[in-house]
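Below you'll find the structure, written out as structure tokens, and then a few comments.
The values are calculated or read from the model by the stated rules, or taken from the named source; none is laboratory data. Keep in mind the model is a prediction, meaning the values are calculated, not measured. So basically every Cβ, Gly included, is an ideal-geometry build from the backbone, and we count neighbours across all protein chains shown.
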Amino acid sequence: MKTIWSLLSIVFIVGVSVWAQHAHPSGTTRETTIVGEVIDPVCYLSHGSTGKAHRKCAEYCVRQGIPLGILEEKTGRVYLSLPVDHSNPNAKLKDFIAEKVRVTGTVYSKGGLTGIHVKRVERVGT
């Protein structure tokens, strides 16, 4: 099982990294602020895991290289964390796993995938 998750993580990270490094057609980017929960997208997609009860599992997944995302409170859309400088996509979000945050950055959307270059992140009171 761990091998499967590792393989999925590598494919996911490579895909997002390649996508983020290449041209973004006009009209697909915008700076915005979103509010939502920092999640582990793999567990969210595969079995709906969110919240404090899933924090330890999400922290483990991050250590395995799975990129974090933000589950937007208002729309239910998941934004993948994209590093502005091709560094670790989890660097700015890893201390906020399973917490409600306000994230500001540039949003990119293409082919059904939505990501955000995280510029600022802050906790939001519940």
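Numbers for the structure displayed
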{"item": "All strands (runs of 3 or more DSSP E) inside region 26-84 with 1 or more residues being at pLDDT below 95 and on the phi < 0 side of the Ramachandran plot", "result": "29-39, 78-82"}
{"item": "Those residues of region 87-111 which are under 14 Å from residue 40 (Cβ atoms), of a type in the set (A, V, I, L, M, F, W, C) and in a loop (DSSP other than H, G, I, E, B), in sequence order", "result": "93, 98"}
{"item": "Every residue from region 79-118 that is touching a Gly at 6+ places or on another chain (Cβ under 7 Å) and farther than 24 Å from residue 60 by Cα", "result": "108"}
{"item": "Region 105-121: number of residues that are surrounded by fewer than 15 Cβ atoms within 10 Å (Cβ to Cβ) and either more than 12 Å from the chain's Cα centre (by Cα) or among the polar types (S, T, N, Q) (or both)", "result": "5"}
